[in-house]
1. Whenever you get a sec, compute what percent of the accessible area on the chain sits on carbon and sulfur atoms (1.4 Å probe).
2. Using the heavy atoms of the protein chains alone and a 1.4 angstrom probe, what is the accessible area of the chain per residue in square angstrom?
3. Name the longest site-free stretch of the chain, where the excluded sites are GluC sites (Glu not before Pro) in a DSSP loop with no more than 14 other beta-carbon atoms within 10 Å.
4. Please give the charge dipole size of the chain, origin at the Cα centre, charges +1 on K and R Cβ atoms and -1 on D and E Cβ atoms. Round to the nearest 20 debye.
5. In percent, what relative contact order does the chain have, based on Cα pairs under 8 Å that are 6 or more apart in sequence?
6. Taking every pair of Cα atoms in the stretch 29-186, average 1/r, invert it to obtain the Kirkwood radius, and report Rg/Rh to two decimals.
7. Pick out which of 65, 142, 133 has the largest mean-square fluctuation in a Gaussian network model of the chain, springs linking Cα atoms closer than 10 Å.
8. Within the chain, what is the longest stretch that has no trypsin sites (Lys or Arg not before Pro) placed in a DSSP loop and near at most 13 other beta-carbon atoms within 10 Å?
Amino acid sequence: MKRRNLLQLVAGVVCAGRVKSLLAQDKKQTVNGGGVTFEIPSSWKSSKPASSMRRAQIAIPKAEGDKEDGELVLFAFPGGAGGVEANIERWAGQFRDDANQPPTPKSSKAKGQNTEVTKVEISGRYVAPVAPGNPETVNKPGFELVGLIVITPEVSYFFKAVGPKATMKAAAKDFDALVASIKLDN
């Protein structure tokens, strides 16, 4: 009888440990982007934005085999900054396909908490300027962009995540959860 109770206790502890581990993996942190909030996994690390144009700056942990982390940056522009299509075209221009042309982006609509979100995916060789206005560009093959666009009458929000393709693919479910969590302040 004592042995049976001990086995049940051990099984319960092991099971509780697995549940705790799963709950830790699912833990989220809320980011306030000034007019918009959203949730990211606890494994993603927020840092102080590198410029005043950025409302949030977040590192996406690299996938096994990748050499660097991905990065998610939130920009907000009063008046729209050209709208959805112009920004998708600009993002596509920051990539090159095998023929050294801008690749065709994939876009879709999704629902946040209280807003519509345009999701954009682009992959190829990342060739964006090192800094805005700088003629020098990066040259990173095998990269992917996941962009999220939220347009309001007052401000447009642009979530731009870029990183090695494996890292971005590993974070795909996290991006879906982020989209579903986007909430505009009223």
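1. Percent of accessible area from carbon and sulfur atoms in the chain: 54.
2. 60
3. Working: sites that count: 64, 68, 136, 154.
The segment 69-135 is the longest one with no such site.
4. On the way: 26 positive and 19 negative charges, 227 e Å.
Around 1100 debye, computed over the chain.
5. Reported relative contact order: 22 percent.
6. With Rh from the inverse mean 1/r over Cα pairs, Rg/Rh is 0.94.
7. 133
8. Value returned for the longest uninterrupted segment is 68-186.
The values are calculated or read from the model by the stated rules, or taken from the named source; none is laboratory data. The structure presented is a predicted model; accordingly, all values stated were derived computationally and were not measured. For neighbour counting, all protein chains shown are included, and Cβ atoms are generated from backbone atoms with ideal geometry for every residue, glycine included. Note: areas computed on protein heavy atoms with side chains; ligands, DNA, RNA excluded. Shrake-Rupley method; radii C 1.70, N 1.55, O 1.52, S 1.80 Å.
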